[in-house]
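Enquirer: The structure under discussion is supplied below as structure tokens; questions concerning it will follow.
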Amino acid sequence: MGPTRAPPPGPALLVPEFCYLTGLTDNMRNDFTIMRDLATHTRLSPEQRENRLNRFVSKISKNASAQDALGRWGLSFENKMLNLTGRVLPAERIIHGARAYEYNPWVADWSKEMRGPLINAIPLGNWPMFFTRRNADIAHSRMQALNKVSGPMGIQMQRSGM
């Protein structure tokens, strides 16, 4: 608004990201079905990723306006991807205290194998948890989750000062 409380002349220019919902809501993130369906489109094998990139580069090379825009910046794309020679190293053996684990290197997830007591768990005797009144429910939920997981991890945890 101007000094006379009149709206400024001309159209109002709005940022699209503020006008439309972008990203995922918390409900979507917590919905296993949505996340599983989304993962089928975002987790690609190397071959699928290469095919999609090749199609993308092909479309750009056939689009005259895209070529003009890239040319103004002095940019261009090769038609073929760069080939490199590499090697696949064997998976590391994870040693956790007295236990050792093997894991599937193609998944690269060893969180299941690491469940259990920690090597050197530090007890939490006297510790505070700070939160606002508005977030009291979240804080209590977080406290319940901590109490649930601390025992199996071997952490002796006293109730916090809330």
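The values are calculated or read from the model by the stated rules, or taken from the named source; none is laboratory data. Since the model is a prediction, treat every value here as computed from it, not as a measurement. Don't worry about glycine lacking a Cβ; one is built from the backbone with ideal geometry, like all the others, and counts go over all protein chains shown.
Enquirer: So which residues in region 110-162 are on the phi < 0 side of the Ramachandran plot and small (Gly, Ala, Ser), if there are any at all?
Expert: Within region 110-162, Ser111, Ala121, Gly125, Ala136, Ala139, Ser141, Ala145, Ser150, Gly151, Ser160, Gly161 qualify.
Enquirer: Being in contact with a Phe, Trp or Tyr (Cβ under 8 Å, 6 or more places away or on another chain), under 22 Å from Met157 (Cα atoms) and not aromatic (Phe, Trp, Tyr) is true for just one of Ile138, Ile122, Ile94, Ile60. Which residue is that?
Expert: Ile138
Enquirer: So, in region 118-162, how many residues would count as being assigned to a loop (DSSP other than H, G, I, E, B) and among the small types (Gly, Ala, Ser)?
Expert: Counting residues in region 118-162 that are assigned to a loop (DSSP other than H, G, I, E, B) and among the small types (Gly, Ala, Ser) gives 4.
Enquirer: While we're here: Residue under question is Ser45, and the condition is that it be of a type in the set (Ser, Thr, Tyr) and either at pLDDT 90 or above or surrounded by 11 or more Cβ atoms within 10 Å (Cβ to Cβ) (or both); does it hold?
Expert: Criteria not met by Ser45.
Enquirer: For region 83-90, does any single residue satisfy the condition of being surrounded by 10 or more Cβ atoms within 10 Å (Cβ to Cβ) and either in contact with a strand residue (DSSP E or B) (Cβ under 7 Å, 6 or more places away or on another chain) or basic (Lys, Arg) (or both)?
Expert: no
Enquirer: Please go through region 63-83 and pick out each residue that is more than 28 Å from the chain's Cα centre (by Cα) and either assigned to a loop (DSSP other than H, G, I, E, B) or at positive phi (or both).
Expert: Asn63, Trp73, Gly74, Leu75, Ser76, Phe77, Glu78, Asn79, Lys80, Asn83
Enquirer: Within region 96-108, how many residues are under 29 Å from Lys148 (Cα atoms) and surrounded by 10 or more Cβ atoms within 10 Å (Cβ to Cβ)?
Expert: Total satisfying the criteria: 7.
Enquirer: Hey, can you tell me all the residues within region 64-95 that are in contact with a helix residue (DSSP H, G or I) (Cβ under 9 Å, 6 or more places away or on another chain) and over 28 Å from Pro105 (Cβ atoms)?
Expert: Ala66, Gln67, Leu70, Leu75, Ser76, Phe77, Glu78, Asn79, Lys80
Enquirer: Answer yes or no as to whether Pro90 is within 30 Å of Lys112 (Cβ to Cβ) and outside any helix (DSSP H, G or I).
Expert: In short, yes.
Enquirer: What is the residue count in region 9-37 for residues that are surrounded by 10 or more Cβ atoms within 10 Å (Cβ to Cβ) and either among the basic types (Lys, Arg) or assigned to a loop (DSSP other than H, G, I, E, B) (or both)?
Expert: Qualifying residue count for the region: 4.
Enquirer: With the structure loaded, tell me whether Gly125 is in contact (Cβ under 8 Å) with a residue 12 or more places away in the chain and loosely packed, with under 13 Cβ neighbours inside 10 Å or whether it fails that test.
Expert: Criteria met by Gly125.
Enquirer: Identify the single condition in (1) under 22 Å from Val107 (Cα atoms); (2) more than 27 Å from the chain's Cα centre (by Cα); (3) not polar (S, T, N, Q) that Ile60 does not satisfy, given that it satisfies every other one.
Expert: Of everything listed in (1) under 22 Å from Val107 (Cα atoms); (2) more than 27 Å from the chain's Cα centre (by Cα); (3) not polar (S, T, N, Q), Ile60 misses just condition (1).
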